[in-house]
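Trainee: Here it is, the structure in full.
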């Protein structure tokens, strides 16, 4: 739907091609999900307002990576890219003008202007008001602001969307019939979900920012010597001569021979990931050329490349290709692309709203899409070289599902991190609830469990000398004082990383479904069980793949309430059985990981490898829960290249006849990354 | 300065007449404070952008009641009325598009649209950048986000002002030569500062929301019996039949005979203050008529009167006049006029940006001025009846200095409260750092000291059964369990309220100077000592009147650093002498109040009265500090009516010849509210 004259520049112009065939395989919807005439447009507040009536029972989800809210009816959402959540405005690393209704449709505003959504939160002055409200003489009088304001707003049956500073607006409506279909349509329309390399689903450790190559070497040897699998090694700002802004030049004091260093790291089986942001220091070799294709304003006095211009992309890309991609750097961590934060101790550092870019767009528009463009510019280099990768990134926006990235944050609430896993399912992005330091042992292990059950498993030691399980206190870590029980904690950490490595076949296949079917690998329960009203507001549990329900224990809790939807569920640790449709109070020791397996499932678990190579063949044991009658499909390809997009892949069909299992390999990929070794009945 | 076509509706249209004669008495400025051609305008982001170069040494202050910032160079300020500060965006109860430069000029944007200021915080990409920044090989690598972002931004010498959603903009520039002159000009241009009644400078207690008339009676008797002065008694939401939204009708269960209750309260010497907000419940007698002059959206399903329409004002005003003003209600507390807060646990409850008002303005514009209009509507009733009053209010905006109001907040940080006293001096508003409950004895007494040294001395017991000095813990207060040392704490509280009553002649005269000269009674040190670079960023000390420096002890501190500007200063408690131009570490017991008297001052202190009546004559002792050579002027009028605006007032000139003092009364007021009883040399 189009009203007025939309901007010259729209986010959809950045989009990959839709996965047309996959879209055509979705359930056919032959009538619009609602009468589009319900949407009324008008000019308002120097922008465009779109309004529509909604049902009184409708619920709303989405708006990208919302941090502290989940079900959004009654909320006002202000869509603005920002590194901190700043109260409850709606800001975030990947705040998006896209919501999904429980009635099974999605509404997306194709804009990068500031957009405000009133989600049935604003009642009109009408008959209902004057007739329906009796005096409340003797009402309970509130005695706290929480009582006063906690849940109070003016409910309505109207959604209003205000796009600021524009002459026109374009709306997309995605059909269902269910929310899951809406999300699949959205992801496939965006170009399908990103399939990381197999190693990208392994474990990543980011080393301290000040480390030199010897100190980095100590860490890489640590993981190998201690038999803790580790696929990815990240370097933080200190690898460059200057990082605020960035030079993109190796700091020779700490890394005298970068080429040799990269080769050494790669030889140990690590995939090297380099931190950077796009704001370019005058001492950088690309400064003079990129400055001609940059914003009129700087960030930290660095040039802000305009990635919407071909030249900006080319200059930045060519340099990175020659100096990093070709030399064996496997991935990047792209920081600071999410605007400023607005916390008290900080100042806004991003380019301003009033910035102008050579491509012709302004600071507001660029701010929403800057991360997306930056991610794409560097990801495209790997695509060109037919190499798969996965980046850590700080910002994303609409239509991002085909980009192999995982969002991370400086924020650190464990509860928020878990909610963001749930919200990521609505957003076409992956979320990395990375572990940094913690205040106690329980919080450490519980967070380690959560990263194990996330899209991207990262321990970020950017200010830690030692991995946090050896010492979680920052100060003592800096003094290299080990915790008295560091051996036990290291064992627990190893067990969790091993568990992650066992889950690779399962996770990799879930990501393949994301690619081919648009089905997010991490989903809130409401997406899989939309009819069960008990899950409508559950934001502290989520589905990982098709068959595993995760229920993280947050903030040192040893007991929590877990709701199980219909069916039967098995505790992954003890195989204890839970009948669904009920909530249970569940206690778990720190040695138990809060995963629950849906009955009648075949769960393929691999023997943990230290890291993944192109030659790796995972030895898989199929764990049988209940009486599976349906086929479970394992995705297989070379896992390092994009050849799968040209048909070079297999699906391995796993079936169970009640007594024994069968694995059938179909497809065009000639190699093999799994050996199905064993079948094991775990529970029946 | 005008650019483009400014809105049909501008805040200046609400303004009182300037105090023309007083303005003419200010220092003559015969050339503009800077070359106005420095201001460049252009269209940008769907609004108007104004930009100008500034000096590299300039500092900026103001933006209304900023909560967590003081000196604003390097900041981005987003002007939006809001009940909570929400990070460091620039939002607040009286966030204003008006800043004051250390170079001695002020810039005001005459708009109620959202406005964003970049205060030399955004550097352009130019020669300086590329030439001036060497590589920082071996730089110190940051290891915390505070190091990374704490003070980092891109300094510049440019101020940019973006007014959103408008076709034109009007700028006012106020001349100095000093910041104090700028503020005086602004306040006089606004109509002069508000002069509260003498009783309005006394002590106010707000009783628990659930109290009935007997319980209120207990509280009013308590103050009289315990000899704790109290002038004002506030009732909270429970006095109405329904308060969210408001009926404006007495709750007969708790107040069976409101007229008798009012008379009884008045007979005890209390001035009764009623809490309300403007959002009108359908059961209210005015609902049907006000609903015809209300926004299209409701707040909490209540009608939102359009106070810009004559009819809206009249209907709301007439009802309040007949039912409250004429019946002896002395003042109002006008709540909830400041938009919603955006805290996590809360939802936006205010009318939306997209609301439309019968007067023709939209929700954005109305939100900035709603409090201002609401305050004015009810204050005008008192003016009509020639009665003085002072309101507690939750929102204010530009040009508000002639309105006798004090802003308060649900926020509660003591440090923020003190900073807001300092910022109030730039803003044409009074600030009430009200005391509610506290967590310990020291915090209780230190906060009591701060309210004693503020524009409006309020203890807000809206959720407390007993005054907080009897029990500061909410739960125990509800159980009426007294603190073991409640008698001692009550003594300390009494001493502070007595001190406040002693200060009345001094404070009242300071407010008279606010009225007649535009000089704020509460000022940051930088306003009085602009040349002293040590005070440029001091936001935890302030001047009260001409001669008292206040330095509150915050968060139970018993020691703090206090900086004294040039001259000599005397500890009010011990008369200990401090030579200015230096910072001192000062310790104070809870019995000492952190006030310091400037040398060569005559400080008139009254014998404390229990409350003020039209017959009150304060018995004044003039305290002589040092060797005063200048005349100190005491303002005198009937203190209950507006007759002073028609010339019925006196100035009493106090002089000291080195041995004895003289008081000379000049003016047209025939009555007397002071008796100068005594002169006392305190320190020399």
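Trainee: Would you mind calculating the relative contact order of the stretch A:572-674 from Cα pairs under 8 angstrom and at least 6 residues apart, reporting the percent as a whole number?
Mentor: Relative contact order of the stretch A:572-674: 22 percent.
Trainee: So how do A:91-101, B:541-551, A:272-282 stack up, highest first, on mean other-Cβ count within 10 Å? Don't skip to the end; give the middle numbers.
Mentor: Numbers: A:91-101: 27.6, B:541-551: 22.8, A:272-282: 24.4.
Per-residue Cβ counts within 10 Å, averaged per peptide and sorted highest first, yield A:91-101, A:272-282, B:541-551.
Trainee: Going 7 Å from Cα along the Cα-Cβ axis for the label, what nanometre distances separate residue A:585 from the same residue across the other copies?
Mentor: Copy-to-copy label distances for residue A:585: 5.2 nm.
Trainee: Averaging sequence separations of C-alpha pairs under 8 Å and six or more residues apart, then dividing by the length of the stretch B:500-546, give the relative contact order as a whole percent.
Mentor: Numbers: 45 pairs, mean separation 17.0, N = 47.
Relative contact order, the stretch B:500-546: 36 percent.
Trainee: Next up: Residues of B:117-130, mean number of Cβ from any other protein chain within 10 Å of their own Cβ, rounded to a whole number?
Mentor: Rounded to a whole number, the mean comes out at 5.
Trainee: Let me ask something else about it. Which distances, in nm and shortest first, link the residue A:629 label point to the same label point in every other copy, taking 7 Å along Cα→Cβ?
Mentor: List, nearest first: 10.6 nm.
Trainee: Highest mean first, how do B:304-310, B:348-354, A:32-38 rank when packing is the count of other Cβ atoms within 10 Å averaged over residues?
Mentor: Ranked by mean Cβ neighbours within 10 Å, highest first: B:348-354, B:304-310, A:32-38.
Trainee: Per-residue mean of other chain beta-carbon atoms within 10 angstrom of the beta-carbon, peptide A:204-211?
Mentor: 1
Trainee: Right, here's the next one. Provide the percentage of antiparallel DSSP beta bridges, counting only those with both residues in the protein assembly as shown; round to the nearest 5.
Mentor: If I count the DSSP bridges inside the protein assembly as shown, around 70 percent turn out antiparallel.
Trainee: Sorted from largest to smallest, which semi-axis lengths in Å does the alpha carbon gyration tensor of the stretch A:554-678 give for its equivalent ellipsoid, taking the root of 5 times each eigenvalue?
Mentor: Details: eigenvalues 208, 71, 34 Å².
Largest first, the stretch A:554-678 gives 32, 19, 13 Å.
Trainee: Related question: If packing is taken as the average number of other Cβ atoms within 10 Å across a peptide's residues, how do B:657-667, A:200-210 rank, most packed first?
Mentor: For the peptides B:657-667, A:200-210, the packing ranking is A:200-210, B:657-667.
Trainee: Determine the relative contact order of chain A: mean sequence separation of Cα pairs under 8 Å and six or more apart, normalised by residue count, in whole percent. Each step should come with its number before you reach the end.
Mentor: Values: 1600 pairs, mean separation 87.6, N = 684.
Reported relative contact order: 13 percent.
Trainee: Another question, then. Between residue A:24 and residue A:660, what is 0.36 nm times their sequence separation minus the Cα-Cα distance? Round to one decimal in nm. Walk me through the numbers before you get to the answer.
Mentor: On the way: separation 636, 0.36 × 636 = 228.96 nm, distance 3.58 nm.
Stretched fully, the residue A:24-residue A:660 segment lengthens by 225.4 nm.
Trainee: Give the shape of the stretch B:278-423 as rounded, prolate or oblate, defined through the alpha-carbon gyration tensor: a ≥ b ≥ c are the square roots of its eigenvalues, a/c under 1.5 means rounded, and otherwise the shape is prolate if a/b is larger than b/c and oblate if not.
Mentor: oblate
Trainee: Something else: Decide, for chain A, between rounded, prolate and oblate: order the square roots of the alpha carbon gyration tensor eigenvalues as a ≥ b ≥ c, take rounded if a/c falls under 1.5, and otherwise choose prolate if a/b is larger than b/c, else oblate.
Mentor: Judged from the Cα gyration tensor, chain A comes out rounded (a/c under 1.5).
Trainee: So if I take the centroid of the Cα atoms in the stretch B:236-269 and the same for the stretch B:1-38, what is the distance between those two points in Å?
Mentor: Spelled out, the Cα-based centre of one part sits 44 Å from the other.
Trainee: Provide the FRET efficiency to the nearest 0.05 for the residue B:292-residue B:677 pair, computing r from the beta carbons and using R0 = 56 Å.
Mentor: With R0 = 56 Å, the Cβ-Cβ based efficiency is 0.45.
Trainee: Express in nm, to one decimal, how much length is gained between residue B:629 and residue B:574 on full extension, taking 0.36 nm for each residue of separation and deducting their alpha carbon distance. It would help to have the intermediate numbers written out before the result.
Mentor: Details: separation 55, 0.36 × 55 = 19.80 nm, distance 2.33 nm.
Value of the extension gain: 17.5 nm.
Trainee: Moving on to the next point. Quick check: the distance between the Cα centres of the stretch A:486-525 and the stretch B:374-428, to the nearest angstrom?
Mentor: For the stretch A:486-525 versus the stretch B:374-428, the Cα centre distance is 57 Å.
Trainee: Once you put a point 7 Å from the Cα of residue B:8 and another 7 Å from the Cα of residue A:531, both along the Cβ direction, what distance in nm separates them?
Mentor: For residue B:8 paired with residue A:531, the spin-label model returns 5.4 nm.
Trainee: As a check on your grasp of the helix formula, calculate [θ] at 222 nm for chain A: sum -39500 (n - 2.57) over DSSP H runs of n ≥ 4, divide by the residue count, round to the nearest 500.
Mentor: Details: 14 runs with 153 residues, N = 684.
-7000 deg cm²/dmol, from helical runs alone.
Trainee: Every other copy gets compared here: list the nm distances from the residue B:671 label point (7 Å along Cα to Cβ) to its counterparts, shortest first, one decimal.
Mentor: Reported distances to equivalent positions: 9.7 nm.
Trainee: Please find the FRET efficiency linking residue A:35 to residue A:167, where r is the Cβ-Cβ separation and R0 is fixed at 25 Å, and quote it to the nearest 0.05.
Mentor: 0.45
Trainee: Kindly identify the stretch B:1-115 as rounded, prolate or oblate by the Cα gyration tensor criterion: order the square roots of the eigenvalues as a ≥ b ≥ c, call it rounded if a/c is under 1.5, otherwise compare a/b with b/c, prolate if a/b is larger, else oblate.
Mentor: Note, shape of the stretch B:1-115 comes out rounded.
Trainee: Then there's this: Along the principal axes of its C-alpha atoms, what lengths does the protein assembly as shown span, in descending order and rounded to whole Å?
Mentor: Principal-axis extents of the protein assembly as shown (Cα, largest first): 108, 69, 64 Å.
Trainee: Please compute the average number of Cβ atoms from other chains found within 10 Å of each residue's Cβ in peptide A:288-300.
Mentor: That average works out to 3.
Trainee: Please check which bits of the stretch A:507-536 a label hung off residue A:584 would reach, taking the label as a point 7 Å along Cα-to-C-beta and the cut-off as backbone N under 19 Å.
Mentor: Answer for the stretch A:507-536: A:525, A:534-535.
Since every read-out is calculated from the coordinates, none of them should be taken as a lab result. Predicted model only: the values in this text are computed from it and were never measured. When we count neighbours, we look across all protein chains shown, and the Cβ atoms used for this are built from the backbone with ideal geometry, even at glycine.
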